[in-house]
Every structure is written in C-alpha cells, then in structure tokens.
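Report on the following structure.
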Amino acid sequence: MHYKNYSAAVFGIDAYLMEVEVDVGSGKPGDFNIVGLPDVAVKESRERIKAALKNCGHEFPFQSVTVNLAPADIRKEGSALDLPMALSILGCEGAFFGKRLDQFIFLGELALDGQVRSVRGALSAALAAREHKIRAVVVPEANAREAAVVEGIDVFAVRTLPQAVDLINAPESFTPVRVDAASMLADAAQYAVDMRDVRGQQAAKRALEVACAGGHNIIFIGPPGAGKTMLAKRIPTILPPMSLEEAIETTRIHSVAGLLDDARGLVGTRPFRSPHHTISDAGLIGGGAIPRPGEVSLAHHGVLFLDELPEFERNVLEVMRQPLEDGSVTISRAATSITFPARFMLAAAMNPCPCGFFGDSTRQCHCSPPQIQRYVSKISGPLIDRIDIHIEVPAVKYKELRGTGVTEDSAAVRERALRARAIQTERFAGEKKVFSNSQMPPKLIRKHCAIGDDGEKMLENAISRMGLSARAHDRILKVARTIADLDASENLETRHIGEAIQYRTLDRTYWA
C-alpha cells in the first residue's frame, strides 16, 4: 500500500516543498526505513512515531514500512517531519477514506503521547505554500500565529495527532487561524528602555542621533561605567519602526534559528544582538554542517552590538567585513552554498586602553604608550574605516548624574531621525538596494554630496593632517549628508563637514 502527503523543509531561511511517501508492504515485519538523506533527528522519529500511534489508539503496521523524503538529494534535518510521516502511515492503513492531501502541507514534531510540538521555520513553510499555490498549511498550535501572518492561505492549528486526522477527514469542521498582522506588529513594537534614562552625554547622544538618521555604524570609546552599553541598548528605540515586510523577513530568520517567541508570532522590535567576545567566527557569521544563521543575520534590520571590541579575536572581527559592505553573508560548504541576509547597524564599544582610563580627567592611566598601541591595534584599520562615527564617551559628572532636569525621550529623537530618513527615501526612490545615506555607492556620493570651496579646503586639510583613507573620505561625506538632512538642508555646508570630520578624530588619536 502506498500513500503520500506534503511537507516543507528549510534551506537557509527559505523553505522548499517535500513529498513524504510511505510504502507498507512485504518484507521483514517491524522494519521501518527512512530514505532521502535524513539526519539523526529525522531517523529518531521512527521511535516517536511508533509510540505516538500506539498511544493514540492506532496499530503500527505489522509489515515493512519504507518512508521516502523527496527530493532525495537534499539532506533533511529537524523533527518537523514527524507529523506528515505518521499521517502517511495512517493513510496506508485507510484512515482517510481515500482522500488526497495534495492541497495541504503538514509540519509538526510528535511527542510520545501524540501531542504536536512546535517546530522551526513555520513562517518560511507558509510562504513556500503560497508561492506554490498550496491551499492550506497544518502546523502545531504554538506556530499558528507565526504562519498565519502570510495572507492568501489557510492555516490550521492542531494540538494532537488525532486532531490532525479529524482535520483531514472533516476539514469543514475546523476554522482557519486568522490574525491581523498590522495589529500584531503594533503590539510587539514595545521597548523596555528609553533615551530619557541616559544622563548627560550630550555629544554621544547627538552622534547616536546622526548614526540612526543615516544608518551609520558607530563606536563608543570611553572609560568603564561611562554609559557606552546603556547608550547602545537604546539605539533600536530611535531607529525607524519596522515595516511589516521587514518584520516578516526578520521573523523568518529568528524562526529558523529557533529563537521566535511563540506567544507573539512576529518580531516587532528592531533586533539587538550583543554576543560575548568569546564568540567564534562561525557563531558570528553562521555555519555548521548545514549552515545556520549567525549573529550578523539575527541582527538583520536591527543592531549588532560588540562590547569590549578589542577583546574579540581578530579573525572573528575580520569576517564581518563582507556583511558590512554587502548586507548579506554567504556560507559555502562542499555540497552547498547558502546566503543569509545581514543588513544591520554595527555599534561597538571599547575602553581607550587596557586599564580603561587613558584621557580620563578623574582617574590616572597606568598604561604605557606601547601598551595602549598594542591594545587598540587589535582592531584593524580596514574595520575601523567601515565604522562611520567614532565618539568619545567621558565619565558622567556627579551633577549630571543627580540632575533633576527632564531629558529628551526616544520618541523625540526618533521623530527627527524619521524626518531625515524621509528625505533619504525620496532621494533614493529610483535606486535599488539603497535606502539610507550609509548605503550610498561612490556614484551617488558624487551626485548628492557636492561641497563648496570652503568645505573642500576643510576636508582636504583634515585628510592630509589625519592621514585618512579613501574609504574614510567617503564615510565623512556620507555622515555630512546625514547631518545636512537633519537640518533639512539641501546643500552640504561647512559646519556639516566640520561635524562629520569631528567624528573621525579618533583615527588620529588612537590609530595614527
């Protein structure tokens, strides 16, 4: 007896359709073979399926059972194929009265008692179903809100294996899960922190506003306890709100990585990822025998914060150069190559020296110049060139710390950043893959960053005196363009150039 249904498996962050075929026939009784390049988790499903069928009142066939997962040349991983395999076995036993299941996709891990547990990649599977004009997706109840974000298909939630059988036999008695994606996004877009919590640090706040208005990378340099991490954690609160398209793309990545909050079903806030400095290059970029997204992809459409930047291994930092330039990362293996999206804003923080108090007005630094040079040289020049804004964060004075004045909240700063972003959206309306000033290629820099004679002379003197690279020259012009947008100025003025140059002075102080 032969029976088949359909499921989906994740490759990168995309899903592809899969046929789950089962043949029950002659052979050694009790044999249960799974073919089609299954990994260990798929092979172990044999025991879960046997126990689930028995505990739900079904008899496991007393014949040889062969399961084929097609296409057979792609390795299958994970536990999401438990439910479709169990249903195909029941189909061979006549449980569905000859019904065909070519308009359903099934996903779900089975517990030994027949409960259906959540899986990874339900949103990607729903998108694949819509692309292939499949009418419905059957997912675990925990994944229903996530999958229902996709319009144009029916999403059915099941809690147990018997409930899935009933759904196949009487689909009219089940109601598809419906969600309002816009309301979900609004409900999820809540931040627990705010810029009003930060006392003092007016120069750092201004630099942060410029960075968020143009999507620029930023590094904070200052002594321990000055508020570098506190500032970085509030970056998402002043970035533009996520669009529904951005939220869906970010949710797909987090779903595949198994990090999605099932209760929300949608990532509504800008991701903020802060890996420890002991992370490996595979953990940062992604990797594995079957590549998984790393921290740079989990920070897609959000912020990647690297605290204590010089403590990271140099090879780990160097692998970030491709995603910083391209907005994506490609992981190649002998059998496959996968590209993950990785368009993020980089924020970093570091002490100015090993003890942390070089240049501090309140505490004496005990580091020698060679020690300071060795410490900061752990970060390569090419990486520093890719960070647009360098800002010193001094220790907060006592009066500022204890002050009772009202500080500006994130909403006010975000409003100014949004106005600048609106100017950039109009400016780059006809361009592909350019949405903010930080993404301008050289051609657009020449077009939109023209400067007058005074600005030209100021920029020339700064580059000659500080020994800046050609990439740093372009970064200065991009930042100046953003500062002008915050001023709603069509032309780059000398003051805009001057402020942008000011954000590169750490090149001279530490990397000269």
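Listing for the model above:
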quantity	calculated
Every residue from segment 167-177 that is without any contact (Cβ under 8 Å) to a residue 40 or more places away in the chain, in contact with a strand residue (DSSP E or B) (Cβ under 9 Å, 6 or more places away or on another chain) and outside any loop (DSSP other than H, G, I, E, B)	Leu167, Pro171
Residue match in segment 261-278 (condition: surrounded by fewer than 19 Cβ atoms within 10 Å (Cβ to Cβ) and β-branched (Val, Ile, Thr))	yes
Among (1) farther than 30 Å from Ile331 by Cβ; (2) touching a strand residue (DSSP E or B) at 6+ places or on another chain (Cβ under 9 Å) - the single one Lys205 does not satisfy	(2)
Some residue of segment 313-321 being without any contact (Cβ under 8 Å) to a residue 60 or more places away in the chain and in contact with a strand residue (DSSP E or B) (Cβ under 6 Å, 6 or more places away or on another chain)	no
Residue count, segment 35-57 (criterion: on the phi < 0 side of the Ramachandran plot and either among the polar types (S, T, N, Q) or open to solvent by less than 50 Å² (accessible area, probe 1.4 Å) (or both))	12
Flag for Ser79 being modelled with pLDDT under 95, hydroxyl-bearing (Ser, Thr, Tyr) and touching a helix residue (DSSP H, G or I) at 6+ places or on another chain (Cβ under 7 Å)	yes
Test: residue in segment 327-343 that is without any contact (Cβ under 8 Å) to a residue 24 or more places away in the chain and among the basic types (Lys, Arg)	no
Hey, Asp154 free of Cβ contacts under 8 Å to residues at least 40 places away in the same chain and either among the hydroxyl-bearing types (Ser, Thr, Tyr) or open to solvent by 40 Å² or more (accessible area, probe 1.4 Å) (or both) or not	no
Residue pairs meeting the criteria (Cβ under 8 Å; at least 6 apart or on separate chains; first in contact (Cβ under 8 Å) with a residue 40 or more places away in the chain and farther than 16 Å from Ala164 by Cβ, in segment 3-14; second among the basic types (Lys, Arg) and open to solvent by less than 50 Å² (accessible area, probe 1.4 Å))	Ala9/Lys76; Ile13/Arg252
In segment 95-114, residue least open to solvent (accessible area, probe 1.4 Å) [restricted to those that are farther than 20 Å from Pro176 by Cβ and either without any contact (Cβ under 8 Å) to a residue 60 or more places away in the chain or in contact with a Pro (Cβ under 8 Å, 6 or more places away or on another chain) (or both)]	Gly114
Among the candidates Gly214, Gly227, residue that is over 19 Å from the mean Cα position of the chain (by Cα) and on the phi > 0 side of the Ramachandran plot	Gly227
Criterion violated by Pro29 - all others in (1) open to solvent by 40 Å² or more (accessible area, probe 1.4 Å); (2) not polar (S, T, N, Q); (3) not in a loop (DSSP other than H, G, I, E, B) satisfied	(3)
Those helices (runs of 4 or more DSSP H) lying entirely in segment 382-499 with at least 2 residues buried (at least 20 other Cβ atoms within 10 Å of the Cβ) and in contact with a Leu (Cβ under 9 Å, 6 or more places away or on another chain)	410-427, 453-466, 470-486
Qualifying positions in segment 2-18 - surrounded by fewer than 18 Cβ atoms within 10 Å (Cβ to Cβ) and under 13 Å from Leu87 (Cβ atoms)	none
Residue identified as touching a strand residue (DSSP E or B) at 6+ places or on another chain (Cβ under 9 Å) and touching a residue at least 60 places away in the same chain (Cβ under 8 Å) among Pro352, Pro382, Pro394	Pro352
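This table checks each residue for (1) over 29 Å from Leu317 (Cβ atoms); (2) out of contact with any Phe, Trp or Tyr (no Cβ under 9 Å at 6 or more places or on another chain); (3) aromatic (Phe, Trp, Tyr).
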site: Ser368; (1), (2), (3): no, yes, no
site: Gln373; (1), (2), (3): no, no, no
site: His390; (1), (2), (3): no, no, no
site: Val393; (1), (2), (3): no, no, no
site: Lys397; (1), (2), (3): yes, yes, no
site: Val406; (1), (2), (3): yes, yes, no
site: Ala422; (1), (2), (3): yes, yes, no
site: Glu426; (1), (2), (3): yes, yes, no
site: Gly430; (1), (2), (3): yes, yes, no
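Yes/no matrix, rows are residues, columns are (1) out of contact with any His (no Cβ under 9 Å at 6 or more places or on another chain); (2) modelled with pLDDT of 90 or more:
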| position | (1), (2) |
| --- | --- |
| Arg421 | yes, yes |
| Lys457 | yes, yes |
| Asp487 | no, yes |
| Arg508 | yes, no |
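The values are calculated or read from the model by the stated rules, or taken from the named source; none is laboratory data. Predicted model only: the values in this text are computed from it and were never measured. Note that each Cβ is placed from the backbone with ideal geometry, even for glycine, and that neighbours are counted across all protein chains shown. Heads up: the accessible areas ignore ligands, DNA and RNA and are worked out on the full protein's heavy atoms, side chains in. Shrake-Rupley method; radii C 1.70, N 1.55, O 1.52, S 1.80 Å.
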